[in-house]
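The structure appears below as structure tokens.
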Amino acid sequence: MELDIQCEEMSPSRWAELLTTMKSCKTIRLDDCNLSSSNCEDLSSIINTNPSLTELKLNNNELGDAGVEYLCKGLLTPSCSLQKLWLQNCNLTSASCETLRSVLSAQPSLTELHVGDNRLGTAGVKVLCQGMMNPSCKLQKLQLEYCELTADIVEALNAALQSKPTLKELSLSNNTLGDTAVKQLCRGLVEASCNLELLHLENCGITSDSCMEISAVLRNKSSLMDLSVGDNKIGDSGLALLCQGLMHPSCKIQKLWLWDCDLTSASCKDLSRLISTKETLTEISLIDNNLRDSGMEMLCQALKDPKSKLQELWVRECGLTTACCKAVSSALSTNKHLKVLHIGENKLGDAGVELLCEGLMHPNCNIQSLWLGNCDLTAGCCATLATAMATKQCLTELDLSYNPLEDEGIRKICEALRKPSCNVQQLILYDILWSSEVDDELRALEESKPEVKIIS
């Protein structure tokens, strides 16, 4: 049984009612429920008396260090079988880390610990690392985003990595590590016996100076499938170094996030080679890089290669215009694997989307999710979009937000949604002005087709 409640104020009577239910739950999720340390005392009892409980998610609650101390009393009992613990943004400090260290040292069932968005600091996480080094600890996933870590944490992390072959996921995003620390971390990862599958280092103060060491991790850890270095100023020179590791035969990367990395069209030659030859690569995010039309055209040429197995391409806010849309359309009509295309916040215009729809409606195209928010679209392209919606049954999600479609355009989209052949289940229409009459039509459409969700 699963209890999944979000954003609900807990009255005493409601809490008492839920406690009865929790006694037999395998999963308890209570994010944003205004819980405090007093609720944790009850939850500790549930952990102690419900051996079937394997997941506890308490993100965005003011639990504080006192609340975690209560929880850990339950976690340290022999009957506890908890595997996943989520305590993101719970107002924790380094004081909680000593208590959590005891749990890591004594509770082999715990495989996931998510404590991001808490002011644990370097001193606190060093204490957690001591717990990880205990032979009883079997942690597989550790999330430490926004924990106010500095470069001084790396020595303790590397020591923990050396002793923890079970660790598969490590997220250190949004901490001020810097190049020197990231280089040290990567050298530790190469030497460690762990089979890391996910490494997230977004917004960690990385430049091209760290990229050779990250590349070495890619070459030496064939287990690594998910790498995110977004929001770091690695530039074209850093990307070229990364690609040396990414193109290595032993690298089996599947998901690569390079958003806001100061890349230009000069990087697209290397990226195209990666997309066209690395058959394991299924998802790449290049959001907020200055690729421009020339860069996008190179990427599209790569997508047409039979070896490309890319399923998701994120190129939002990349300086694209109508000029690249013929190439995108050609890629859509050729690549059977691409399912998600985020191309919003580019000046595609009506003419560009008309071209995209030609590729979209090709029998080879299998796009399921298409994001066209803030693309300078008007009602002029909505008839073509409506045709695509009505004929392309694989298309289930469409984002047209922040475009001045007005009543005329929205009505054309609604006509398509009403057709039995249209399979769009989620239509996103943020910040578009329409009349009360059109609003009534949208509400009536949702009532007549309850499987359709219109988000505005």
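Take the Cα of E17, step 7 Å toward its Cβ, do the same at Q83, and the gap between the two points is 3.1 nm. Between the alpha-carbon centres of region 25-57 and region 157-173 there is a gap of 27 Å.
Work out the FRET efficiency for E62 and K326 from their Cβ-Cβ distance, taking R0 = 51 Å, and round it to the nearest 0.05. Before the final figure, lay out each step's value.
On the way: r = 54 Å, r/R0 = 1.05.
Result of the calculation: an efficiency of 0.45.
Peptide packing: for 353-359, 246-252, the average count of neighbouring Cβ atoms within 10 Å per residue gives the ranking 353-359, 246-252, highest mean first.
Note: relative contact order over the chain, using C-alpha pairs below 8 Å and six or more positions apart, is 6 percent.
Straight-distance candidates among the aspartates and glutamates for linking to K126, with alpha-carbon spacing under 13 Å and chain neighbours fewer than 8 residues away dropped: E98, E148, D152, E155.
Estimate the FRET efficiency between S222 and Q6 by the formula 1/(1 + (r/R0)^6), using the beta-carbon distance for r and 30 Å for R0, to the nearest 0.05. Mind showing how you got there, number by number?
Working: r = 38 Å, r/R0 = 1.26.
After rounding to 0.05, the efficiency reads 0.20.
Can you give the helix-only mean residue ellipticity at 222 nm for the chain, where every DSSP H stretch with n ≥ 4 adds -39500 (n - 2.57) and the sum goes over all residues, rounded to the nearest 500 deg cm²/dmol? Provide the component values of the computation, followed by the final result.
Numbers: 16 runs with 186 residues, N = 456.
Rounded to the nearest 500, it is -12500 deg cm²/dmol.
Where does each of 204-216, 410-422 land if you order them by average Cβ count within 10 Å, highest first?
Values: 204-216: 21.0, 410-422: 17.7.
Output ranking for 204-216, 410-422: 204-216, 410-422.
Our summary gives region 266-455 a relative contact order of 15 percent, counting only alpha carbon pairs under 8 angstrom and 6 or more residues apart. With a Förster radius of 45 Å applied to the C-beta separation of D431 and S24, the computed FRET efficiency comes to 0.55. Taking max minus min of the alpha-carbon positions on each principal axis, the chain gives extents of 64, 56, 30 Å, largest first. Highest mean packing first, where packing is the average number of other Cβ atoms within 10 Å per residue, the peptides 441-454, 98-111 line up as 98-111, 441-454.
Stretched out straight at 0.36 nm per residue, the stretch from K336 to T277 would grow longer than its current Cα-Cα span by 19.7 nm. Measuring between alpha carbons in the structure, the pairs from K26/K221; K233/K269; K233/K347; K304/K339 lying more than 23 angstrom apart are K26/K221; K233/K347. On full extension, the segment bounded by E191 and N34 gains 52.2 nm, given 0.36 nm per residue less the C-alpha separation.
Bear in mind these aren't lab numbers, they're just calculated from the coordinates by the rules spelled out. Worth saying up front: this structure is predicted, and the values here are computed from it rather than measured. Note: ideal-geometry Cβ built from the backbone for every residue, glycine included; neighbour counts use all protein chains shown.
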